[in-house]
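Notes to accompany the following structure.
Coordinate-derived values only; no laboratory data. This structure is a prediction, so every number in the text was calculated from the model and none was measured. Positions of Cβ are generated from backbone atoms using ideal geometry, with glycine treated the same way; all protein chains shown enter the neighbour counts.
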C-alpha cells in the first residue's frame, strides 16, 4: 500500500504543477512549428498519456485489489455470538416491510432483534408493524411523528432507532433491501463481534431487470463499490453504504456521530464513515453471502433524484478522499478526450500507423476494464456483470461531470 500511496502523492503533486509544465513546453513551440506539428497535437498526446497511466494504476493496482482478491475476510477463532439489532428506517414502506420482515427472521443467527423506525408514515405501516409484532416477538418499532427543524429526517430517525436498540452491535439496511442469504447477519457482523472492529462495510446491489437504465445502475453501483471496497482493502477506507453497514451502538453514541452533519441531507452512512473510519478500525466484508439486494429505480427521474442526493454528499468528504475519486475521474476524462481527439486528428491527417497505436491502446484498456469488472462482480456479488461495459464507461464521462456539477450546486436535496 505504501507504494500505491506514494504514487498517488506523486501524481497529485504533478497535477498541481500541470500548468507550469505546459508553459515550459510552450516555450519550445518552435520545435513543433519547424516539424509542422501544431502544439495541439502534443497536448492531445500529453492528455492521453497522463490519462492512460493513471487509469492503469487504478485498474490494475487499486481496483485489482478487489478483482483479484483471494480468500475470505480473515475470521477470528473466537465464536462470540453476542446480540445484534438490525435497524431499518422506513417512511411509507408498507409494501416493502411486508416482504422484508419475515425474510429477516429467517436469518441463521441465535441472538438478534429487528428495530423498525416508522418515520412519519402516512400509509398502513404502523398497523402492519403492530400486527407483525404479534407474530415476531423479536420485532420492535418506534414511531416518529415529526422531525425537529434543526435535523434532517433520516439522521434523526436513525439516531432514535439506535438510541433505543436492545443490543450493542448495529446492522443497518433499508426497507427496500433483502438479504441475499440467511448468513447475512453472521457474516456482516463478524468483524465487529470477533475482531474488535468499529465498522464492517458490506455491498448492496440492485435487482437485475431488462432495459438500459437497469444496466446503467448495475454499472454505476459496481464502479462505486470498486472505489470504497478497494480502498478499504488497501486500509484507506473512506465511505460505506447504509444499505449494508455494521457498527457498535456505544461508538455511535459516544462519538455523537452526526455532530456537524445534521444540516446535510444524506450522509448518514458515507459521511459518518468518512469522519471516523480508518485502516485499523474498519473491515471490508467481501462475501456474496453477506450482501443485500435492493429494488432499483425504474424511471430516469427517480434515478436522477436519488443520484443527485448521493453525489451532493460527496462535496463534504475530506480533501484526500475527494482526490481518490477525483483523480480517477480526471484521468478518465483525459484518456477519452485525448484519445478521441487523437483519433480524429490522425485520421484526418491519414497517419494510420499512429492512429492504429491510439486505437489499440483504447481497445486494450476496454478489454482490461471488462476483465476487472467481471472479476470484481464475481468476488463481490457472485453474479454476472453489466452488459457493454466499455460503452457504459464512455457514457460515464458525461454522467460524472454533468450530474456531479449539478448535484454539487443543488439546494433541493431530500430523503423522503
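Data table
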read-out: Between the stretch 386-401 and the stretch 256-313, the Cα center-to-center distance that results, in Å; value: 22
read-out: Residues 151, 177, sorted so that the one with the fewest Cβ neighbours within 10 Å comes first; value: 151, 177
read-out: 12 Å reach of a label modelled at residue 166, 7 Å along Cα-to-Cβ, counting backbone N of the stretch 119-140; value: 136-140
read-out: Value of relative contact order over the chain, rounded to a whole percent, pairs C-alpha under 8 Å and six or more apart; value: 21
read-out: Contact order relative to length of the stretch 84-317, as percent, for alpha carbon pairs under 8 angstrom and 6 or more apart; value: 25
read-out: Radius of gyration and Dmax over the Cα atoms of the chain, both given in Å; value: 23.7, 86
read-out: Neighbour-count ranking [beta-carbon atoms within 10 angstrom, fewest first] of 204, 70; value: 70, 204
read-out: Residue 353 versus residue 103: modelled label distance in nm, points set 7 Å from Cα along the beta carbon direction; value: 6.0
read-out: Contact order relative to length of the stretch 188-291, as percent, for alpha carbon pairs under 8 angstrom and 6 or more apart; value: 43
read-out: Using alpha carbons only: equivalent-ellipsoid semi-axes of the stretch 51-196, gyration tensor based, whole Å; value: 33, 22, 15
read-out: GNM result for the chain, Cα springs below 10 Å: residue of 271, 233, 60 fluctuating most strongly; value: 60
read-out: GNM top mover of 369, 348, 178 - the chain, alpha-carbon springs below 10 Å; value: 348
read-out: Per-selection Rg to Rh, the stretch 84-317 - Cα, Kirkwood hydrodynamic radius; value: 0.93
read-out: Förster radius 35 Å - calculated FRET efficiency between residue 304 and residue 363 (Cβ-Cβ, nearest 0.05); value: 0.65
read-out: Least to most buried among 312, 208, 263, 167 (fewest other Cβ within 10 Å first); value: 263, 208, 167, 312
read-out: In nm, spacing of pseudo-spin labels at residue 150 and residue 374 (7 Å Cα→C-beta vector); value: 5.5
read-out: Stretch gain in nm, segment residue 45-residue 395, where the contour uses 0.36 nm per residue and the Cα spacing is subtracted; value: 123.8 nm
